[in-house]
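Here is the structure we will look at, set down as structure tokens.
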Amino acid sequence: MMTNSHRFSYIIFFCLLLFSFIGFGQKLEIEKRIRQDDFPVKAIQYLEENYGLEGKIKWYTEESGEQKSYEAKFSREQQLYSVEFYEDGSLMDVEIEISYEDIPAESRSLIEKKWDHDFRKSRVRRVQQQESELGRRYEIIVRGKKDKNTELYEYLFESDGQFVKSLMILARPDDLNLY
């Protein structure tokens, strides 16, 4: 049985957590595995036309703040794909996991200048090439050390290496669904 002091402690904890989300440009995504039957029909048709539905496909809903989306994750020709859709089933973006070295050298140089400015030390954890109506971008998960703290961050860069945005990731690395 929960005492009033325990309830009060939980309320304070959740209020502090909420205020930290509002003030510091942090990212909290909640992915939940679902059945294919719960995925938008329009999105399934897109996947079938462009990738086929053979092989193992993992189906997810994703909530990030106010936005809800659907995501299909699968492997084709030894590359990991993540195809995300809006709630109505229209395409949001296609992400393909690539090597950091696959990014053109000029773009990498600008990216590394940004990290040199933001961190004392950094290490790339994952790179995805993102294709959407906005063109090609790179979404990069980096472990960065500022002062004494080391955290995970998600960076988004244009294809030419220009910085778009960054967010601190609140989940532990084990919580990330890498594909």
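Any read-out appearing in this document is the output of simple, stated calculations on the displayed coordinates, not a laboratory observation. Since the model is a prediction, treat every value here as computed from it, not as a measurement. All Cβ positions, even for glycine, are placed from backbone atoms using ideal geometry, and neighbour counts span all protein chains on display.
Here are the numbers for the structure shown:
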{"quantity": "Fewest-first ranking of V41, V83, using other Cβ atoms within 10 Å as the exposure measure", "calculated": "V41, V83"}
{"quantity": "Footprinting exposure proxy for I111, I57 (fewest neighbouring C-beta atoms within 10 Å first)", "calculated": "I57, I111"}
{"quantity": "Linear extension gain, L28 paired with L156, 0.36 nm per residue minus alpha-carbon span", "calculated": "44.5 nm"}
{"quantity": "18 Å Cα-Cα reach of K146 towards aspartates and glutamates, excluding residues that sit fewer than 8 places from it in its own chain", "calculated": "E112, D116, D118, E154"}
